[in-house]
Amino acid sequence: MIDSHCHLDHEPLLSDLSNVIKRSKAVGIKKLLTISTSLESFGRIKEIINKDEIIYGTIGVHPHETNTKQITSENIIKNFNENPKIIGIGETGLDFYYSNSDKGKQIKSFNEHIKASIETNAPLIIHSRNAEKDTFEILNDYKNENLKILMHCFTGSKIFAEKLLTLNAFFSASGIITFKNSTELQETFKLLPLDKILIETDSPFLAPVPNRGKKNEPSFIDFTAKKLSEIKNITKSEIVKITTNNFNRLFN
């Protein structure tokens with residue numbers, strides 16, 4: 001299995017990293033992709049990726065961080081090129097959930113990440129909440145650039161998913177698909193092509209059932225894989241093989 005999105009630089013994972021890695025390997029995880037959310041976060045990630053051969057990282061600034069910190073495509077490209085274990089751009093995107101969100105700064109940052117993704121030919125890890133229309137319109141502006149799009153922790157509408165498929169996007173399922181109230185999301189994943197699906201934990205957030213309410217960690221991805229296999233009506237071993245192949249194909 002591959003956890004395509006976790007935050008190993010967040011507590012309580014960071015201070016217990018050696019045990020987190022051991023438990024990850026015990027359930028069959030072969031790769032962990034730890035995601036940058038700010039320049040400070042990236043500083044920690046540069047150290048974490050050297051802790052074990054299964055850990056890889058990304059460079060990016062989360063939309064929640066754009067009010068105070070901006071990043072240029074040049075800075076992203078420089079940091080990306082300096083380390084072969086940095087394999088993705090993000091977490092970037094748009095989040096208009098909060099009323100005090102600076103939409104202009106988020107959009108500017110999103111475009112800088114997209115430009116860096118095009119320049120490096122690296123996958124773009126996208127966060128989108130309460131911003132389906134703007135997210136798609138911005139990505140669609142680059143439809144001729146062959147973007148490698150990964151919609152992280154996808155919780156969007158079926159219509160949004162169908163539009164994103166026209167851009168060849170991939171979709172990552174998180175522990176949210178195990179929640180009782182996520183029937184609509186489960187129906188969306190039921191319709192998504194198998195060759196476009198990945199799995200993630202987004203740990204330490206969004207622990208899946210039966211650990212909902214606890215601090216999440218990569219080893220809990222086993223529960224998400226099991227639920228996704230039920231949704232897709234195939235075995236868990238098949239979903240593990242498919243999502244692993246999809247990750248390796250997307251990230252080369």
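Values quoted throughout were computed directly from the atomic coordinates according to the rules given, and no laboratory measurement underlies them. The structure displayed is predicted, hence computed values, not measured ones. Cβ: placed from backbone, ideal geometry, glycine included. Neighbour counts: every protein chain shown.
Quickly rank 59-68, 126-135, 77-86 as a protection proxy: mean count of other C-beta atoms within 10 Å, highest first.
Per-residue Cβ counts within 10 Å, averaged per peptide and sorted highest first, yield 59-68, 126-135, 77-86.
So between residue 237 and residue 83, what do we pick up on full extension, going 0.36 nm a residue minus the alpha carbon distance?
Extending this stretch completely gives an extra 52.2 nm.
Got a sec? Charge dipole of the chain, +1 on Cβ for Lys and Arg, -1 for Asp and Glu; which of 159, 228, 59 is way out at the positive end?
Sorting the options by dipole projection puts first 228.
If I model a spin label as a point 7 Å beyond the Cα along the Cα-Cβ vector, how far apart are those points for residue 143 and residue 68 in nm?
Each label point is offset 7 Å from its Cα along the Cβ direction, giving 3.9 nm.
Beta carbons within 10 angstrom, averaged per residue: use that to sort the peptides 225-232, 49-56, highest first.
Details: 225-232: 19.5, 49-56: 16.5.
Descending packing order for the listed peptides: 225-232, 49-56.
Give me the one-decimal nm value for the distance between modelled label points at residue 191 and residue 130, 7 Å along each residue's Cα-to-Cβ direction.
2.5
Scan around residue 201 for amide H atoms under 5 Å from its own, H built in the peptide plane at 1.01 Å from N, and keep only partners 5 or more places away or cross-chain.
Amide H to amide H, under 5 Å and 5 or more residues apart or across chains, residue 201 pairs with 4, 5.
How big is the Kirkwood radius of region 2-250, worked out from every pair of different alpha carbons and given in Å to one decimal?
17.9
How high is the relative contact order of the chain, in percent, counting Cα pairs under 8 Å that sit 6 or more residues apart?
Contact order relative to length: 19 percent.
Evaluate the charge dipole of the chain about its Cα centre and quote only its size in Debye, nearest 20, assuming +1 on the Cβ of each Lys and Arg and -1 on the Cβ of each Asp and Glu.
About 620 debye.
Under a straight-distance cross-link criterion of Cα-Cα below 19 Å, which aspartates and glutamates are reachable from residue 241, leaving out those fewer than 8 residues away in the same chain?
Straight-distance partners of residue 241: 3, 195, 200, 222, 230.
Amide H to amide H, which residues 5 or more places from residue 171 or on other chains are under 5 Å from it, using H placed in the peptide plane?
Placed amide hydrogens put 151, 197, 198 under 5 Å from residue 171.
Residue separation times 0.36 nm, minus the C-alpha to C-alpha distance between residue 159 and residue 30: what's the value?
43.1 nm
What is the set of long-range amide H partners of residue 95 at a cut-off below 5 Å, with H atoms built 1.01 Å from backbone N?
Sorted by chain and number, the residues that satisfy this are 129.
Report the gain in length on full extension from residue 22 to residue 249: 0.36 nm times residue separation, minus Cα-Cα distance, nm rounded to one decimal.
Length difference between fully extended and current span is 79.2 nm.
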